[in-house]
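Here the structure is laid out as structure tokens; the discussion comes afterwards.
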Amino acid sequence: MRKECAKPLAVRGLMIGGKRPLVCLPLVAATEDDLVRAARKCLALMPDLLEWRVDWFAAFADARKVMAALARLRAEVDDLPLIFTCRDEKEGGARPITFDQRFSLMVSALASGMCDLLDVELAAGEQTIAALAAVAQATSTRLIISCHDFTATPDAATIVSWLRRARDLGGDVAKAAVTPQQPEDILTLLSATCKARQELEIPLITMAMGRDGRISRLAGGLFGSDVTFAAGVGASAPGQIRIGPLREAMRLLYPQTRKTKTR
């Protein structure tokens with residue numbers, strides 16, 4: 001029943017958009033040593049991908065420290081796909097970071113070749129995304145173009161338009177996260193995911209955030225979402241389910257789901 005992606009994306013031998021939705025764990029550490037420790041703990045839980053949320057990193061203003069931490073993280077995770085994200089505070093970032101600082105870090109991360117995917121917000125604008133896409137292409141890094149609404153859930157047509165715009169701007173993966181205020185909002189998100197999956201050939205990531213939206217993190221793959229974010233050592237957004245219970249529940253919906261090691 002799962003709606004698979006027409007053009008799955010291969011990243012380090014992993015297929016994003018294949019027969020099963022993948023599970024990503026966020027890394028939200030404040031220091032380089034904490035980052036490495038968190039990565040080791042998360043690796044033991046056998047995620048499909050890891051995401052480093054750089055906006056949680058205390059030394060974000062020092063590009064050399066960020067790149068040094070990224071190098072250690074890359075060595076630690078070995079061949080596991082790694083997402084680099086420095087989230088805008090307006091879309092859920094942990095702290096205020098200027099646009100110039102965020103852009104510089106994203107360019108440096110792309111140029112380093114040490115991350116496999118980079119997440120940039122749709123709100124960054126066409127010119128910024130085009131500049132990042134040029135660097136990404138040179139290093140064979142993939143772009144996730146994302147949009148977040150932490151207050152409400154727009155109508156399905158709006159959500160689909162976000163995902164379509166992300167594709168049109170060169171996103172290799174299109175992502176949308178919304179906040180439900182009533183049960184119907186979750187149906188809106190899932191309906192939009194289904195419509196986008198029928199129209200767009202690239203991998204999609206969608207979710208309804210918060211406790212009330214948890215069902216979308218579990219069942220979104222049936223409607224076309226290709227990655228779900230879970231909580232490992234820490235959570236990066238409201239409503240993320242711990243990877244163990246999430247994976248056990250997913251095995252009922254997606255027989256190909258991997259088991260998670262218990263700690």
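The values are calculated or read from the model by the stated rules, or taken from the named source; none is laboratory data. From a predicted model like this one, the values you see are computed outputs, not experimental measurements. Here Cβ is always computed from backbone atoms with ideal geometry, including for glycine, and neighbour counts include all displayed protein chains.
Would you confirm, using the coordinates I've provided, whether Ala177 is modelled with pLDDT of 95 or more and assigned to a helix (DSSP H, G or I)? Break it down stepwise before answering.
Values: modelled with pLDDT of 95 or more: yes; assigned to a helix (DSSP H, G or I): no.
Against the criterion (modelled with pLDDT of 95 or more and assigned to a helix (DSSP H, G or I)), Ala177 does not qualify.
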Checklist outcome for this item: Going through (1) free of Cβ contacts under 8 Å to residues at least 60 places away in the same chain; (2) within 30 Å of Gln137 (Cβ to Cβ); (3) crowded, with 23+ Cβ neighbours inside 10 Å; (4) hydrophobic (A, V, I, L, M, F, W, C) one by one, Ala208 fails only at (2)
Item to check | Filter result for Leu70 (modelled with pLDDT of 95 or more, under 18 Å from Leu14 (Cα atoms) and surrounded by 15 or more Cβ atoms within 10 Å (Cβ to Cβ)) | outcome: no
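Being assigned to a helix (DSSP H, G or I) and under 20 Å from Arg217 (Cβ atoms) is the filter here, so list the residues in region 15-70 that pass it.
Hit for region 15-70 is Cys42, nothing else.
Limited to region 103-142, what total is found for residues that are in contact (Cβ under 8 Å) with a residue 40 or more places away in the chain, charged (D, E, K, R) and surrounded by 14 or more Cβ atoms within 10 Å (Cβ to Cβ)?
In the first step, residues of region 103-142 are kept if they are in contact (Cβ under 8 Å) with a residue 40 or more places away in the chain; the result is 104-105, 108-109, 112, 114-117, 119, 122, 126, 129-130, 142.
Okay, now just the ones that are also charged (D, E, K, R), so 116, 119, 126, 142.
Next, only the ones that are surrounded by 14 or more Cβ atoms within 10 Å (Cβ to Cβ) stay: 116, 119, 142.
Selection size over region 103-142: 3.
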Checklist entry - If we keep just the residues of region 143-158 that are without any contact (Cβ under 8 Å) to a residue 60 or more places away in the chain and touching a Lys or Arg at 6+ places or on another chain (Cβ under 8 Å), which is farthest from Glu76 (Cα to Cα)? => result Ala156
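Can you tell me which residues in region 8-39 are within 17 Å of the chain's Cα centre (by Cα) and more than 27 Å from Leu204 (Cβ to Cβ)? Give the steps one after another, and end with the answer.
Just the residues of region 8-39 that are within 17 Å of the chain's Cα centre (by Cα), to begin with: 8-12, 14-18, 20-29, 39.
Result: Ala29, single match.
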Next on the checklist: Need pairs with beta-carbon distance below 6 Å; first residue on the phi < 0 side of the Ramachandran plot and among the basic types (Lys, Arg) and within region 174-194, second in a strand (DSSP E or B) and buried (at least 21 other Cβ atoms within 10 Å of the Cβ); sequence gap 6+ or separate chains.
Outcome noted: Lys175/Ile144; Lys175/Ser146; Lys175/Ile205
